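Engineer: Mind having a look at this structure? Questions to follow.
The values are calculated or read from the model by the stated rules, or taken from the named source; none is laboratory data. All values reported here derive from a predicted model rather than from experimental measurement. Every residue, glycine among them, receives a Cβ derived from its backbone with ideal geometry; neighbour counts consider all protein chains shown.
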Ligand code: AMP
């Protein structure tokens, strides 16, 4: 059996790890970097570029370079999150056949699972180059707060990339596994995971080889990108005030500014002041204009303080769900690149009234946890037991527009619940069921996972037929539904097809199509 790789498919960067001997190692890409930008581009001469190669040409080819596409995966084109991305991204985001968000660059449209597959195939390639063997099996991580559609799409992406996805694992759970492995003591830890695009918080109980997630919460549209955008906006205003020139509609200038803002943000984690210098950022009748601005740490902190505070709402909710107080938490583990910011560390430490743990490398720990889980899943015997939870309640829409939860959020997975449905009219032969995920009591505010019709209900008076529908969430957090007519015991087959997910034939076709593109070596 080939080795199992763990892939952290990040919004900003991706990372791959494997167990080498008995220890997990993070695999460097051929350029020597342990993380690879989650970027994909089609160059002016039609070449497909991934990772650092894509990042390096992003400024001069902004409209054909895709970044942060994880924020779009499994989302409806008309969702609020996608509208925000449409306003901010230099590349085109378009509406797909299933109303899903797709990306259009160099005249070609890609589904979000396809983009993710291109990034995953690159990670597979990095591992194969390093190990000198073919790699097929993988554990891929996702934000804990990803819903069913986002998980399904990530799993599809793995298949398109030619991977056998053994498990979709929650990112903070992977981090807890990496942190907890080999520790003898019993303790409750909080994993605070603030990455490029998403925020997750999980409370995990460790002890005796058992890693049990007690509760999780998060926001799949909050991360380092938001910090960058606040700074970009600030720099745009400063430049406008100084030079009287608007840069908002200049894609290349915006991309340069975005890159510079991210760099300035990272610099300000180590320094009190930094300079943003972008020569020839604009041109007008009076000649070229240069952007030379200084930013200090206090200014950046003022710009993003409310974004950091927003994470604390999720933290409070998570503690409530776990029925714990801050005094019950033994350790706080920081994960994700954005936790390198001193203010993030301070806010978290102040909240929990204890120093947060930064011994583990925040960019690599998720991939390490994923490869550990891979080895646990493939071992004949293991002394590690991982118990995870579902982040969102699963239920159905009722006839009056409300949401009836059948499986509550933070239930340990796998979990199965059944519900008996009946008819509301005499001789009714079919019932329509809308499966939803979310926390609102109003159905319309939650995510519609899919809908199905129960057919062939034998003729009877209203309320008599008994059809038991079982809702199942597997260890990947993926939902499936089955139905049984209790009178005849006959099973009805139901397919809940999530938006943006693909059938096996489509996956095969895309897998062949993408495999045909030989990617240039990363230098
Ligand atoms: P991740 O998704 O975990 O790779 O985190 C990526 C995010 O971390 C990006 O928004 C980066 O800009 C941010 N980041 C990385 N290093 C630093 C740093 N030294 N200070 C502040 N943010 C950082």
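Engineer: When you check residue 166 against the structure, is it closer than 20 Å to residue 507 by Cα and touching a helix residue (DSSP H, G or I) at 6+ places or on another chain (Cβ under 6 Å), yes or no?
Structural biologist: In short, yes.
Engineer: Can you tell me which of 253, 260, 178 is within 16 Å of the ligand (Cβ to nearest atom), modelled with pLDDT under 95, more than 17 Å from the chain's Cα centre (by Cα) and buried (at least 22 other Cβ atoms within 10 Å of the Cβ)?
Structural biologist: Being within 16 Å of the ligand (Cβ to nearest atom), modelled with pLDDT under 95, more than 17 Å from the chain's Cα centre (by Cα) and buried (at least 22 other Cβ atoms within 10 Å of the Cβ) holds for just one of 253, 260, 178, which is 178.
Engineer: Here's something else I'd like to know. Could you list, in sequence order, all residues of the stretch 338-354 that are within 16 Å of the ligand (Cβ to nearest atom) and outside any helix (DSSP H, G or I)?
Structural biologist: Passing the criteria: only 341.
Engineer: Of everything in the stretch 211-234, what is more than 15 Å from the ligand (Cβ to nearest atom) and either surrounded by 22 or more Cβ atoms within 10 Å (Cβ to Cβ) or not in a helix (DSSP H, G or I) (or both)? Give them in sequence order.
Structural biologist: Within the stretch 211-234, 211, 212, 213, 214, 215, 216, 217 meet the criteria.
Engineer: Six or more apart or on different chains, Cβ under 8 Å: which pairs go from a residue in the stretch 149-161 that's closer than 16 Å to residue 392 by Cβ to one that's part of a helix (DSSP H, G or I)? Could you list them?
Structural biologist: The qualifying pairs are 153/112; 153/113; 153/116; 154/113; 154/116.
Engineer: A further question follows. So, of the residues in the stretch 392-402 that are part of a strand (DSSP E or B) and under 25 Å from the mean Cα position of the chain (by Cα), which turns out to be surrounded by the most Cβ atoms within 10 Å (Cβ to Cβ)?
Structural biologist: Filtering first and then ranking leaves 394.
Engineer: To continue, here is another question. Just name the residue that is farthest from the ligand (Cβ to nearest atom) out of those in the stretch 311-337 that are over 21 Å from residue 207 (Cα atoms) and at pLDDT below 95.
Structural biologist: By that ranking, first place goes to 336.
Engineer: Select, from 209, 224, 218, the only residue that is under 30 Å from residue 184 (Cβ atoms), touching a residue at least 60 places away in the same chain (Cβ under 8 Å) and touching a helix residue (DSSP H, G or I) at 6+ places or on another chain (Cβ under 6 Å).
Structural biologist: Selected residue: 218, the only one of 209, 224, 218 that is under 30 Å from residue 184 (Cβ atoms), touching a residue at least 60 places away in the same chain (Cβ under 8 Å) and touching a helix residue (DSSP H, G or I) at 6+ places or on another chain (Cβ under 6 Å).
Engineer: I would also like to ask the following. Here are some residues: 78, 87. Which one is exposed (fewer than 15 other Cβ atoms within 10 Å of the Cβ) and out of contact with any strand residue (DSSP E or B) (no Cβ under 8 Å at 6 or more places or on another chain)?
Structural biologist: Criteria check complete, one pass: 87.
Engineer: Could I ask something else about it? Within the stretch 295-304, is there a residue that is more than 15 Å from the ligand (Cβ to nearest atom), loosely packed, with under 15 Cβ neighbours inside 10 Å, over 30 Å from residue 62 (Cα atoms) and without any contact (Cβ under 8 Å) to a residue 60 or more places away in the chain?
Structural biologist: Within the stretch 295-304 (the criterion being more than 15 Å from the ligand (Cβ to nearest atom), loosely packed, with under 15 Cβ neighbours inside 10 Å, over 30 Å from residue 62 (Cα atoms) and without any contact (Cβ under 8 Å) to a residue 60 or more places away in the chain), the answer is yes, since at least one residue qualifies.
Engineer: Further question on the same structure: Test residue 36 against the stated conditions and say whether it is in contact (Cβ under 8 Å) with a residue 60 or more places away in the chain and more than 23 Å from the chain's Cα centre (by Cα).
Structural biologist: no
Engineer: Among the residues of the stretch 355-391 satisfying the criterion of being farther than 14 Å from residue 180 by Cβ and in a strand (DSSP E or B), which is nearest to the ligand (Cβ to nearest atom)?
Structural biologist: 356
Engineer: When the stretch 1-17 is examined, which residues are found to be crowded, with 23+ Cβ neighbours inside 10 Å and more than 16 Å from the ligand (Cβ to nearest atom)?
Structural biologist: 4, 5
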